[in-house]
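Novice: Pasting in a structure now, in structure tokens, and then I'll have a few things to ask.
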Amino acid sequence: MAISFNLIPPDRRVPGQSFEFDSSRAGYFQEQVRVVLIGARLPTGTAPAGVLERVQGVDQAKTQFGRGSMLARMVEIFRRNNATAELWCLPVNDLATLPDDLTIDNEDIPIDYVGEVIPATGRIDYTGSAVTAAGVITLYIGGQRVRVTAAKADGPVQLAVKTTIAINQALDLPVTAVTDGDGVVLTARHRGEITNQIDLRLNYRGAIAGERLPTGAAVVLTPMAGGAGDPSMLTYLPKLGDEQWFAIVCPYTAGDAQQVVQEEMAARWHPDRQVYGLAFSALVAPLDDLLDYGQTLNGPYQSVMGIPACPAPPWEIAAAYGGQAALSLGIDPARPLQTLPLTGILPPAQGDRLTITDSNSLLYRGIATAQTESDGTLRIQREISTYRVNEWGEPDPSYLDLTTPATLSYYVRSLRQRLRLKFPRAKLARDGARISPGQAVVTLATIKAEVLAHYTTLERLGLVENIGAFVEYLIVERDPADPNRVNLLLPPDLVNQLRFIAGVVQFRLEFGA
């Protein structure tokens with residue numbers, strides 16, 4: 001029997017014609033962009049914590065996770081940056097405060113218990129006299145605008161009451177408000193240290209946009225502070241299982257959250273799992289704090305974007321960053337993300353933006369950066385991983401840019417699929433064996449030819465280059481200890497990215513004769 005059949009047996013005597021179908025030469029690799037957002041839910045949401053939920057749109061997210069919740073806002077911002085990816089969410093609960101009478105040896109205490117869980121609070125105080133001309137007080141809370149109408153003769157108490165009403169009517173804000181005399185107390189909807197990064201500011205766009213205090217009004221803002229006790233990622237990351245996620249967006253950075261993410265991503269890239277993916281986070285903090293934070297991580301498959309004094313909270317920045325990255329890298333994993341806009345994210349004010357020196361320092365500390373254009377658009381400046389040094393502590397730029405693991409993931413997954421499609425149940429023979437055509441038999445030469453054909457395809461796609469060197473250094477060999485195993489040494493030369501052009505302008509006032 002020369003041809004290998006999968007379904008038609010050789011012992012059939014009944015007359016007729018039978019045909020089976022073999023798609024092993026028709027299949028091709030197609031990237032599936034599936035993204036998961038990790039964020040806090042509110043008790044008003046219908047979806048339980050710790051259970052993956054597929055989400056189509058913003059309205060659905062508000063129902064599932066609660067209006068004004070971190071996760072609902074993440075979905076909204078993500079969809080403004082990426083309208084096509086298959087989106088899932090993993091809702092988490094703010095850690096609950098345990099009763100005071102629980103003893104430390106009580107087995108009911110969860111492993112991630114960190115003590116009392118506290119929401120951040122802030123204040124808006126009115127200190128001026130009565131308003132002498134009607135106007136609008138424009139507040140920005142977590143990057144969202146709240147407009148409070150001030151009538152003539154309104155005093156601090158009246159302005160505080162109006163501000164409280166306006167804030168509580170804005171159901172997507174990350175805070176709630178309570179009037180306190182001539183001031184307003186703001187309390188984060190969620191608990192935890194991450195809520196300290198909720199930004200408060202007045203008249204962000206300035207007088208040129210008509211944002212100015214009414215005459216007679218004066219406002220003092222007390223920043224959000226005092227939040228403590230973020231959820232433990234040790235509890236939630238295992239819920240992702242062995243599913244293939246193109247991007248994992250996790251906004252938590254306090255404590256060991258990112259260390260847990262780093263370990264999870266390393267495990268996902270291990271040969272035993274091969275589910276790959278990239279993780280995206282963000283941190284709003286002063287420059288020195290960002291520089292210090294970058295030194296705490298060293299993972300090639302995660303990226304933390306740092307933006308000092310950004311009006312938007314970190315969960316929204318992370319959602320925008322992950323959304324743009326998943327969209328672009330899903331189209332072309334080797335194409336850089338620089339200049340892509342973080343849609344829906346207000347940039348830092350003019351005096352708070354990073355200088356070139358600041359950005360360069362962050363990029364050497366494992367922190368991805370963004371820059372603000374003259375039109376006020378916040379754009380990705382350079383997407384880098386947190387990987388900085390090798391196992392001996394020496395500087396190592398091999399995984400500097402996220403395009404490197406993104407391209408490697410595409411290369412390995414597409415090659416693996418090609419080999420599985422072509423040789424799903426193959427027999428292995430020596431090169432030169434006299435096998436009849438049509439037999440389900442492969443040789444080292446056959447496998448090598450497929451590896452080279454695959455590389456040629458990716459070279460045409462602009463993902464790899466230098467096929468001559470690939471051919472020279474490629475090794476396909478039979479394992480000396482296991483005759484059923486083939487070992488490959490694959491030396492792909494990944495295509496590079498245009499990051500910088502340097503030139504010398506050697507001008508003259510007049511060329512001589």
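Novice: Output yes when any residue across the range 316-331 is outside the structural domain of ARG191 (by TED's automatic domain parsing), in contact (Cβ under 8 Å) with a residue 40 or more places away in the chain and assigned to a loop (DSSP other than H, G, I, E, B), and no when none is.
Specialist: The answer is no; no qualifying residue exists.
Novice: Now for a separate question. Any idea which residue in the range 62-85 is nearest to LEU340 (Cα to Cα), counting only those that are within 14 Å of the chain's Cα centre (by Cα) and outside any helix (DSSP H, G or I)?
Specialist: Applying the first criterion (within 14 Å of the chain's Cα centre (by Cα)) to the range 62-85 yields 71, 74-75, 77-79, 81-82, 85.
Going one step further and asking which of them are outside any helix (DSSP H, G or I), we end up with 82, 85.
Numbers: ASN82: 12, ALA85: 17 Å.
Only one residue tops the list, namely ASN82.
Novice: Continuing with this model, one more query. Can you tell me which residue in the range 371-410 is nearest to ALA318 (Cα to Cα), limited to those that are assigned to a strand (DSSP E or B) and out of contact with any Asp or Glu (no Cβ under 8 Å at 6 or more places or on another chain)?
Specialist: Restricting to residues being assigned to a strand (DSSP E or B) and out of contact with any Asp or Glu (no Cβ under 8 Å at 6 or more places or on another chain), the top hit is ILE380.
Novice: Further question on the same structure: Of all residues in the range 239-252, which are touching a residue at least 12 places away in the same chain (Cβ under 8 Å) and either more than 16 Å from TRP315 (Cβ to Cβ) or not assigned by TED's automatic domain parsing to the domain that holds TRP315 (or both)?
Specialist: Selection gives LYS239, LEU240, ASP242, GLU243, GLN244, TRP245, PHE246.
Novice: Consider ALA254 carefully, then state whether it is small (Gly, Ala, Ser) and over 20 Å from LEU234 (Cα atoms).
Specialist: Considered against the rule, which asks whether it is small (Gly, Ala, Ser) and over 20 Å from LEU234 (Cα atoms), ALA254 comes out as no.
Novice: Just name the residue that is surrounded by the fewest Cβ atoms within 10 Å (Cβ to Cβ) out of those in the range 282-305 that are closer than 12 Å to ILE384 by Cα and within 13 Å of the chain's Cα centre (by Cα).
Specialist: TYR301
Novice: Filter the range 427-444 for residues that are among the aliphatic types (A, V, I, L, M) and under 18 Å from ARG485 (Cβ atoms) and give the result.
Specialist: Residues satisfying the conditions are LEU428, ALA429, ALA433, ALA440, VAL441, VAL442, LEU444.
Novice: Mind checking which pairs have a first residue in the range 490-504 that is outside the structural domain of ILE384 (by TED's automatic domain parsing) and polar (S, T, N, Q) and a second that is surrounded by 15 or more Cβ atoms within 10 Å (Cβ to Cβ) and assigned to a loop (DSSP other than H, G, I, E, B), Cβ under 6 Å, 6 or more apart or different chains?
Specialist: GLN497/PRO336
Novice: Residues that are of a type in the set (A, V, I, L, M, F, W, C) and closer than 30 Å to ALA267 by Cα: which strands (runs of 3 or more DSSP E) entirely in the range 174-253 hold 2 or more of them? Let's see the steps before the verdict.
Specialist: Details: elements: 175-180, 183-188, 200-202, 219-225, 247-249.
The qualifying strands (runs of 3 or more DSSP E) are 247-249.
Novice: Just for the range 424-464: of the residues that are among the aliphatic types (A, V, I, L, M) and part of a loop (DSSP other than H, G, I, E, B), which one is surrounded by the most Cβ atoms within 10 Å (Cβ to Cβ)?
Specialist: Checked the range 424-464; the qualifying residue surrounded by the most Cβ atoms within 10 Å (Cβ to Cβ) is LEU463.
Novice: Kindly evaluate LEU213 against the criterion of being surrounded by 15 or more Cβ atoms within 10 Å (Cβ to Cβ), at negative phi, touching a residue at least 60 places away in the same chain (Cβ under 8 Å) and not assigned by TED's automatic domain parsing to the domain that holds PRO308.
Specialist: When the stated conditions are applied, LEU213 passes them.
Novice: Continuing with the same structure: On the given criteria, is ALA49 assigned to a loop (DSSP other than H, G, I, E, B), hydrophobic (A, V, I, L, M, F, W, C) and within 21 Å of GLY241 (Cβ to Cβ)?
Specialist: yes
Novice: When both residues are 6+ apart or on different chains and their Cβ atoms are under 6 Å apart, which pairs have a first residue that lies in the range 162-175 and is not assigned by TED's automatic domain parsing to the domain that holds ALA188, and a second that is crowded, with 19+ Cβ neighbours inside 10 Å and part of a loop (DSSP other than H, G, I, E, B)?
Specialist: none
Novice: Moving on. Which of the residues belonging to the range 306-339 are of a type in the set (A, V, I, L, M, F, W, C), farther than 21 Å from GLY39 by Cβ and more than 14 Å from the chain's Cα centre (by Cα)?
Specialist: Within the range 306-339, ALA309, ILE331, ALA334 qualify.
Novice: Further, regarding this structure: Would you check if GLN144 is polar (S, T, N, Q), out of contact with any strand residue (DSSP E or B) (no Cβ under 6 Å at 6 or more places or on another chain) and within 21 Å of MET224 (Cβ to Cβ)?
Specialist: yes
Novice: Select from the range 261-281 the residues that are over 15 Å from the mean Cα position of the chain (by Cα) and in a helix (DSSP H, G or I) and write down the one among them that is farthest from ARG145 (Cα to Cα).
Specialist: ALA267
The values are calculated or read from the model by the stated rules, or taken from the named source; none is laboratory data. This one's a predicted model, so the numbers in the text were calculated from it and none came from an experiment. Here Cβ is always computed from backbone atoms with ideal geometry, including for glycine, and neighbour counts include all displayed protein chains.
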